[in-house]
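Coordinate-derived values only; no laboratory data. These numbers were taken from a predicted model, which means no experiment stands behind them. So basically every Cβ, Gly included, is an ideal-geometry build from the backbone, and we count neighbours across all protein chains shown.
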Amino acid sequence: MRLLLIGGGERGLRLTRLLAAEGHAVRVVTRDPARHAAIEAAGGEPYEGDPDRIGTLRYALDNVTVLVWALGNASGDDEARTLALHGTRLEMLLERTIDTTVRGVLYECSGQLPVETLSQGARIVERLCRQNEIPWGLLYHDPEDADGWAASTADAVARILSRDRG
């Protein structure tokens, strides 16, 4: 299984270590080339891209089985752009998963962002995944509990993979 992880920070590295130890491939999106070494040390494959610029993620989806959108703690100087990660940007990426190998989507709907924003993202995931018969799940684990978050997300990945499409 190849997982594409968008977001997650240190939690994401912990998830990468867990899944890599089980023999899974984890592609981790980063905007910062300085993070490549940490991603590789965790057993992941760094992929330079930006979730705010969906076109940069075009090839990130290649041979991916599960997509994890872990941006519940996203922040930035431009609040509108940060909030768009759970609206238009998320929707654009999910629309591009239709003709890919993605068999499951996990969306982080807990974190420091407003509940309304995370709820909007959850509705987008539900609508598009149902429409395209892609199994999906919502991640509610407290992002402050990095080890627990990683374990909970790894369990959610396993549940997604065990579901029938449709």
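Observations
- Residue in the stretch 139-158 that is touching a Gly at 6+ places or on another chain (Cβ under 8 Å), surrounded by 15 or more Cβ atoms within 10 Å (Cβ to Cβ) and farther than 17 Å from Ala70 by Cβ present: no
- Residue selected from the stretch 9-37 under the condition under 12 Å from the mean Cα position of the chain (by Cα) and among the charged types (D, E, K, R), by the criterion nearest to Tyr47 (Cα to Cα): Arg27
- Residue match in the stretch 45-58 (condition: under 21 Å from Leu161 (Cα atoms) and without any contact (Cβ under 8 Å) to a residue 24 or more places away in the chain): yes
- The residues in the stretch 56-87 that are farther than 22 Å from Trp136 by Cβ and touching a Gly at 6+ places or on another chain (Cβ under 9 Å) can be counted, and the count is 3.
- With respect to (1) under 12 Å from the mean Cα position of the chain (by Cα); (2) closer than 15 Å to Glu133 by Cα; (3) not small (Gly, Ala, Ser), the lone exception for His86 is condition (2).
- Of all residues in the stretch 1-37, exactly one satisfies the criterion of being in a helix (DSSP H, G or I) and acidic (Asp, Glu), namely Glu10.
Residue-wise test of (1) polar (S, T, N, Q); (2) crowded, with 22+ Cβ neighbours inside 10 Å.
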{"position": "Leu5", "(1), (2)": "no, yes"}
{"position": "Arg11", "(1), (2)": "no, yes"}
{"position": "Ala20", "(1), (2)": "no, no"}
{"position": "Pro46", "(1), (2)": "no, no"}
{"position": "Ser75", "(1), (2)": "yes, no"}
{"position": "Arg81", "(1), (2)": "no, no"}
{"position": "Ala84", "(1), (2)": "no, no"}
